[in-house]
Every structure is written in structure tokens, then in C-alpha cells.
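First comes the structure, then the notes that go with it.
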There are 2 protein chains.
Amino acid sequence: MIPLEFTITKKGKGLARMGRIETPHGAIETPAFVVVGTKATVKALTPEQVKELGTQVVLGNTYHLYLEPGDELVRDAGGLGKFMHWDGPTMTDSGGFQVFSLGAGFGRGNTKFEATVAPEGGEEQERLATIDEEGVSFRSHKDGSSHRFTPEKSMEIQHNLAADMFFAFDECTLPTAPREYQVEAMERTHRWAQRSLAHHKKFEAGLPAEAERRQALFGIVQGGRFSDLREQSARTIGKMAFAGFGIGGSFSKEDLGDTLALVNKILPEEKPRHLLGIGEPEDLFLGIQNGCDMFDCVLPTRLGRNGTLYTARGKINITNAKYVRDFSPIDEDCGCYTCTNFTRAYVAHLFRAKEMLAATLASTHNLYFIVHLVDDIRQAILEDQFDDVRARFLAAYRANN
Amino acid sequence: MIPLEFTITKKGKGLARMGRIETPHGAIETPAFVVVGTKATVKALTPEQVKELGTQVVLGNTYHLYLEPGDELVRDAGGLGKFMHWDGPTMTDSGGFQVFSLGAGFGRGNTKFEATVAPEGGEEQERLATIDEEGVSFRSHKDGSSHRFTPEKSMEIQHNLAADMFFAFDECTLPTAPREYQVEAMERTHRWAQRSLAHHKKFEAGLPAEAERRQALFGIVQGGRFSDLREQSARTIGKMAFAGFGIGGSFSKEDLGDTLALVNKILPEEKPRHLLGIGEPEDLFLGIQNGCDMFDCVLPTRLGRNGTLYTARGKINITNAKYVRDFSPIDEDCGCYTCTNFTRAYVAHLFRAKEMLAATLASTHNLYFIVHLVDDIRQAILEDQFDDVRARFLAAYRANN
């Protein structure tokens, strides 16, 4: 029933590996950075621009697409890829993270930590998603309307969205949650993983035998910041018949590498591993070295829209006065569309003038930077240059930061 | 000193003509629709997208670029085209219209008629641009700062912007202004035209003989809605050594065709004529039939950003509920990027979700529609089918409107 093929083509430094995932919509060379297209659009970019910058695979958000335009509409349009005119591989997440952050923190933005802060004048009871064994009831961050996700519902939504890869429904706990609660949530996530898998199997069994399109279901390892729980979760989820695995929840910079090593040593080697929602340059090196194959993160586009741009010499904010008359490219070493054709002065002008092209050029540059950084790391694995490439990159990147 | 060559290749119905303008940055087949890139960007589009939709020439706004990022910065970047990465022909307007509408109606939006309404709580004196024989003092619509344009200053700004075609400084009167004032303003515009021309000649004389880049200065015919004043203005401006002519000021749907015929019969036949700020489909037919060669208008992009889309069967608003599940293209007869690759349902979703790609897809479609309509009219002139093409187009276009 595994609808994707994963081949490891080379092993590298630590747990690092280079590989290839074959999906019904084309191959993904791993390690790969997955570009986020939350509401069936990578913000401010056409699919052609997304492809041109080197993107191999796009991830849509189940929570957002369920609320707007609705997963049944996306199904009727032919699935996420067809709806948004992206013909390459696609992914959807489980909806779990957004339900607990966005849904729970109704109207309060969408960081992992938002729900720890009580909304002004709001009732504690009002802002929380309500979790029971069956599923989660939550309010839409858009209009406050009530909704309910269960593992089965998440599967149904994601079947409608019809991405090549999708995720079992999980509970994403707050990093501040006590151990006792982390245990409870993790065990529930394991039961939900079983239910997700069972529901997906039933769905697949109902498909005509010759149906060529199959979706690959990934299970999610949780366990928060407790290494024994991470280990337990990796063992439990790793034994289930998933096509691949996601690693979810929160980490700190200090324990990220160790936790990933611990988890990835347990997860079956022959299946791909996706580190959910993490994608800063330092973390990509750490994740790859410790056995992760895919990464997704909204930071490149979100930072870009705020004028924060990656360069080989660290991040810059293009709205800073010193760039107003700077006729050099954003990053002299960068081969992206923006750096090839426009100056810092021009991009700075677009931001000051609040022109929409600012977001397009900034997002293009930041995504190109991150996607190609992962490509470079893949090449480094192939050439046994991982340590050198990392040392060189980080020395320059941290110099001005 | 004429830095462009205009060749009439075919004459058609009424005063219609098909031709070709050669500029230092390439040729423009006329009649042509000029795409507006107010602040050195066609809103929400990359220059490649602008080119791909069929654009031949882009117009930047002198008033806006003078305020932001400043014409000297654009000069130092290599001129408007280089700054914005548009390698085709460029134009700038005189700044006159915006000084009197945007500048005068400080903070009040930018229609021609805005300045007739007193800003809430504002002083009459505060909101008006102050005109004297030498020039105009006005306030920035952005921050209220004081500025002054004279014909000489407008030339200097436009030399810095360095577009292939640019305009003499003119006064754009309100359509409600009394005849007495229209006469006064027109006569002043004629004196300003002489001063613009003189200042430009002096500038050109100072250029090295081998300087290959020359800018073509266009004079502007004014006269408001009085046909004897239009006639007088056409005679006066038409005799001056301009490379081409703009027709400015306000019209009504009823007198547009007659006024243009009157003016264009007087203007020298061998020079191109640009109808300023007008570009609705009906008006394009009328303008071409009555001897205009170029048109510019912000409507295609401005309407597009609001969800109003041109179709062969009239305008539609894509945010209307009936398009939410409509999986057909915006216009089945349209060959644009948007119609080729996306459905109404998808574009409707982008507008509802307030995604930036909405503006990109809508602007692409609307500009393609208008640019190709003018292309079709040009072809109709070539094939002596002007009346048929117009009748067929308008019958369908007005059917649902």
C-alpha cells in the first residue's frame, strides 16, 4: 500500500543521507526543503515562479484549506495540486498544529507559543481547543465558528485535498506543558495515529484497484522535550505501517540535534523523515546531519514579506536606511531571479512604497536561498564535504549576525 | 532632434491609423495600450509577467517617482527602465495631472474629481495646489510636505527618469471649471509647453554629440470641454517642435469622439498622439477611430485588484458568490496566463483569502484583455474590418453589462 518509493542513494556524516522520493507527481531529491503554500498558494508567487526558484514539493495546510475554501471544493477542483496549478509533488499537514495554535489562540496570531497568553478580555475557556479521546473541538481563527477534527475527519479532509503525502492527526502540545500532560498527549497521539492509519486503509480499500493515484500517509512522532518520551514515540509510531514519518512538536536549539538523532536512530531507515515546521539555516544542517530528509517552514516567505532577507553573510533588513541608495544585489553570491535582475535600492523602494512586488521579490529570494542551501547540503553529502560546507557556510553566515 | 521615428503603415476607418514608433528601446506597434507602472512597478507583476501579457511600453508617473524614491535616485540607477528592470520602451507623464488631483486633494484619493470635494475638517486653502505663472506649489499626498513644480522642474525630473517619451508640463483643470478659467489655464499650458520645449532643447544641446540615447518630448493639448478651446490648443501646441502629442484633460462619453476628431485633424499627421488616462474598451475604439495612437489607464490593474475582471461578455466581479464553485476560466475566449491555468473558483478563493496572488492573476488578465483588444483593433485596421470588429466586440461586451 506504500504509494511512494524512497531510495537512499548515499549515506553521509552522522545520520545524514541523500535519497530520492518517487511520488505520483514526480521525484523529490532529498534532503529537500518543502515550500509552504498555506491556502493553496505560495504567498505572492505564481506556481511558475515557485518552480523556477527550484522548489520540488509544496505543502498546503489542512486547517486553513478546510476553513477556506473548504476541502470539498478543493476535491471538486481535482485536488490541491490541480486547484492551485502546481503539477509537482504536494503534501498536506495534519491540521493538528494549527488547531492547537491558531484555532486555540483564536484571533491571536499563529506562533507555537501564542496560546500561552490569554487574549485581552477573553475567557480562558473561550480560547482553548477542547481535547477529548475522540478528537478536538476548536474555533476558527477567522470567524470564531465551532468545528471539530478527529483523526478520521483529518483523513477525510486530506483525502479530499489529495496531496501525494499527508500526515496522521496528532496533538501538538505546548513546550511549557508539564511532563504528565506530555505523556497523556503523546499516548493519545499514538492512538490517533492508529485510527488515522485504519481510516486511511479503509479508504484505500474502497478505491478501484486500477486507481493509479495513491496518497502516502506519514505518522508523526511527538514527545515534547523529554528524550525518553521521544524515544517511546519513535518506537511506537515507527512500528506502524506508515509510508514515512514526521517529527513534530517543539524543540530548543540545544536539544534539537540530540533529539533528532535519538528519534531517527529508531525510525525505520528505509522510510523518509520530515521535520515539521523547522527551516532556519543552522537547523537545516542539524536536521540533515541527524537523519531528516525533508523540512518545511513559513519563515522564508514570512520574513521576506517583512523585508528580512537571507544572505550568505547573514540576514539583512532591506527597509534599513542604508540600503536606499545601494545599487548592488541583495546577495552578490545569489543566482535567484531577484538578485539577477534587481538592486537593493529597488527592493527597498518597493517596500517603502508598499508595492506588492516587494513581497514577490523578497519571497523569491528567501525561498531560493533556503531551497538551494538544502541542495548544496545534498551535494555536500554526495561529495563527502558535509563538515566543510557547513563550517564555511556558518562562518560567513554568522559573521555579521 | 526627434529621437523617435513614427511611420504610418496603414490608414483605416475615419482618422484611424496603424503605425510603428521606433524608440531607443525598441518598437511600438500602434495603436498601442501603454501599461501604467506608477511607482516604477506595474502593481503586483514582475517585468517578465508584464512583457509576457503582451505589453509594448510602460509609463511611470513623474509626480509619484519624484516623491518616492526620488528622481535623482532613479537617475543614479540608470533611469526608469533600468531601475525597474524593464528593457522595452518607457514613458513618463508630466506630473501635471497628479499635482492637481492627488497633490491638491491631499490625502483624498486620486480621481480627477476628488479636489471638488473639501476634505473633512480641512481648510479650502490647505487642499489646493497654488498656481502662478511660474509653476505650481503643492503638498505631497503622502506626508503633506510642500513642493513646487515648474515646466523646467518637470523637465529636469523627467530627464532624470530618462524615459524614451515624456511630456511637457501642463495644467489639468477640473471639468467643472468655468470657461473663463479654462481659457486662462489653457493659455498658461501653452506658455508652459514653450518653456518645457526650450528647457529640453537646452538640455539636449548640452549632451555629447555621440550620446545615443535621446528622449522624445510630447506636448499636451488641453482646452477642457470647449471645442473652440480644444481647436485653439491643438493649433498652438501642434505647431511646436514636439516629437508627439498628448491629449489631456477631461471629456464626457458624449463629446469624446468629436473632440478627438477635432483635435487630431489639426495635429500634424506624421507625429504620434497619446490619449492620456483613458482606456475603457468603448473609449479605445472611439479614440482609435478618431486618430489616437496610444492610450494609458490605471483601470485594468485598479479594477483587477478589486476583483472586477473584463470578459468578452462584459465585466464581472469575481468576489460574487456565484463564482465560488465555478471551475471555468475567467473568460473562455481569453488566452492569458490566468485563464489558461486557473479557474474562477481559484481566483475567487484568492480574493476571499486576501492572498496577494489574487492581484497578480487579476491584473494579468485585465491587462492582457485590454492590450490584446488594442492589438485586435490594430489588426482590424490592417484588414479593413474596423466596423465589424467593433460591432462584434461591443454587442457581446454590452450583452450582460
### Query
Here are some residues: A:L350, A:L394. Which one is in a helix (DSSP H, G or I), outside the structural domain of A:F33 (by TED's automatic domain parsing) and surrounded by 17 or more Cβ atoms within 10 Å (Cβ to Cβ)?
A:L350
### Summary
Residue pairs qualifying under the 6 Å Cβ cut-off, at least six apart or on distinct chains, with the first in the stretch A:332-343 being more than 9 Å from chain B (Cβ to nearest Cβ) and the second being of a type in the set (A, V, I, L, M, F, W, C), are A:D333/A:A312; A:T338/A:L361; A:C339/A:I330
### Odd one out for B:E171 among (1) at pLDDT 95 or above; (2) acidic (D, E); (3) part of a loop (DSSP other than H, G, I, E, B)
(1)
### Task
Could you list, in sequence order, all residues of the stretch A:54-65 that are buried (at least 24 other Cβ atoms within 10 Å of the Cβ) and either of a type in the set (D, E) or more than 13 Å from the chain's Cα centre (by Cα) (or both)?
A:Y63, A:L65
### Task
Output the number of residues of the stretch B:344-357 satisfying the condition of being under 23 Å from B:V371 (Cβ atoms), among the aliphatic types (A, V, I, L, M) and more than 7 Å from chain A (Cβ to nearest Cβ).
1
### Query
Do we have A:F369 as of a type outside the set (G, A, S), touching a Phe, Trp or Tyr at 6+ places or on another chain (Cβ under 9 Å), surrounded by fewer than 22 Cβ atoms within 10 Å (Cβ to Cβ) and not assigned by TED's automatic domain parsing to the domain that holds A:A44 here?
no
### Query
Given the conditions (1) touching a helix residue (DSSP H, G or I) at 6+ places or on another chain (Cβ under 9 Å); (2) surrounded by fewer than 20 Cβ atoms within 10 Å (Cβ to Cβ), and given that B:I377 satisfies all but one, which numbered condition is not satisfied?
(2)
### Query
Mind checking which residues of the stretch A:46-62 are closer than 29 Å to A:G144 by Cα and either out of contact with any strand residue (DSSP E or B) (no Cβ under 8 Å at 6 or more places or on another chain) or not hydroxyl-bearing (S, T, Y) (or both)?
A:V58, A:L59, A:G60, A:N61
### Message
Being within 12 Å of chain B (Cβ to nearest Cβ) and either surrounded by 24 or more Cβ atoms within 10 Å (Cβ to Cβ) or of a type in the set (D, E, K, R) (or both): is that true of A:G70 here?
### Response
no
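Inside the stretch B:1-51, counting only strands (runs of 3 or more DSSP E) that do not spill past its ends, which hold 2 or more residues that are β-branched (V, I, T) and more than 17 Å from B:T92 (Cα to Cα)?
By residue number, B:5-11.
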### Message
Among the residues of the stretch B:318-345, what is the count of those that are more than 17 Å from B:A396 (Cα to Cα) and either surrounded by 15 or more Cβ atoms within 10 Å (Cβ to Cβ) or touching a Ser or Thr at 6+ places or on another chain (Cβ under 7 Å) (or both)?
### Response
18
### Message
Being of a type in the set (S, T, Y), modelled with pLDDT of 95 or more and out of contact with any Phe, Trp or Tyr (no Cβ under 7 Å at 6 or more places or on another chain) is true for just one of B:T130, B:T90, B:T111, B:T116. Which residue is that?
### Response
B:T90
### Message
Of all residues being part of a loop (DSSP other than H, G, I, E, B) and of a type in the set (A, V, I, L, M, F, W, C) in the stretch B:286-306, which is surrounded by the fewest Cβ atoms within 10 Å (Cβ to Cβ)? Just the residue, please.
### Response
B:V298
### Query
Hey, among the residues in the stretch A:1-49 that are modelled with pLDDT under 95 and surrounded by 21 or more Cβ atoms within 10 Å (Cβ to Cβ), which one's nearest to A:K82 (Cα to Cα)?
A:L4
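The values are calculated or read from the model by the stated rules, or taken from the named source; none is laboratory data. These numbers come from a predicted model, not from an experiment. Glycine gets a Cβ as well: all are built from the backbone with ideal geometry, and neighbour counts include every protein chain shown.
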